[in-house]
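Take a look at the structure below.
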């Protein structure tokens, strides 16, 4: 195993991505790394390419060329189906809009990734109990999470369910896309305390994307999109 494999949860090298059509653009990243266990904030304004970069890191899109390694595994050379399976096992994603199943219970939403990730499923033992333990840790009432559908939860509760869904089964990398954008400063601080504590408990590395520079002191390191990426067209990516 190379030094990169042992030291870094995420490593990008000489990555190029091109999107054709009327809104054609290109995104280039020469080098970007996150050490295992690190908490990194990626800062960028709308149109800076953040969403495109996340789609590459998570294997939703594949680069035109270059290398993307998560937990030491090269994703670029994988076939799409294999990349999807790897993403389910190795990456927990907190979407900006949460993307919960509205008519499923909170607990069923938390358990959803385990249906596609047998290795994650094998790490939790009693999956139902593991989901309830996460709800406890995130300050959610067990009874309500087991019985209430996601569409009946408050925004704050939905946010924490989305975090529990990303964390269950301890994936090596957690990617969070603007999860605090709708929160006031006090709620942001409380949310980050919970998120950091649970990432530490799971041994997961955290990459969080935001446009809010005030969050930077809470992280081990902050990185600006313009310092690691080149966007080769005008407009949002």
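Every read-out reported here was derived from the displayed coordinates using simple, explicitly stated rules and does not represent laboratory data. What you see is a predicted model, and the numbers here were worked out from it, not measured in a lab. Virtual Cβ from ideal backbone geometry, glycine too; neighbours counted across all protein chains shown.
Worth a mention:
- Choice from 180, 135, 64 showing the highest fluctuation, given a GNM over the chain with Cα pairs closer than 10 Å: 64
- For region 102-237: rounded, prolate or oblate by the Cα gyration tensor [a/c cutoff 1.5]: prolate
- Taking all C-alpha pairs of region 26-105, those more than 18 Å from each other amount to 49 percent.
- Gyration tensor (alpha-carbon) shape descriptor, region 181-222, a/c threshold 1.5: oblate
- Computed over the chain, relative contact order equals 32 percent, with contacts defined as Cα pairs under 8 Å that lie 6+ residues apart.
- Annotation: the residues 46, 181, sorted from fewest to most other C-beta atoms within 10 Å of their own C-beta, follow the order 46, 181.
- Within the set [x] 48, 42, 30; [y] 54, 38, 36; [z] 50, 39, 35, the number that Cα extents along the principal axes in Å takes when calculated for this structure is listed as [z].
- Residue order, fewest to most surrounding Cβ atoms within 10 angstrom, among 144, 50: 144, 50
- A simple spin-label model places pseudo-atoms 7 Å from Cα toward Cβ; at residue 185 and residue 220 they are separated by 2.8 nm.
- Residue with peak Gaussian network fluctuation, the chain [Cα springs, cutoff 10 Å], from 130, 164, 201: 201
- With neighbours defined as other Cβ atoms within 10 Å of a residue's Cβ, the residues 205, 77, 52 order from fewest to most as 77, 52, 205.
- Choice from 191, 25, 95 showing the highest fluctuation, given a GNM over the chain with Cα pairs closer than 10 Å: 25
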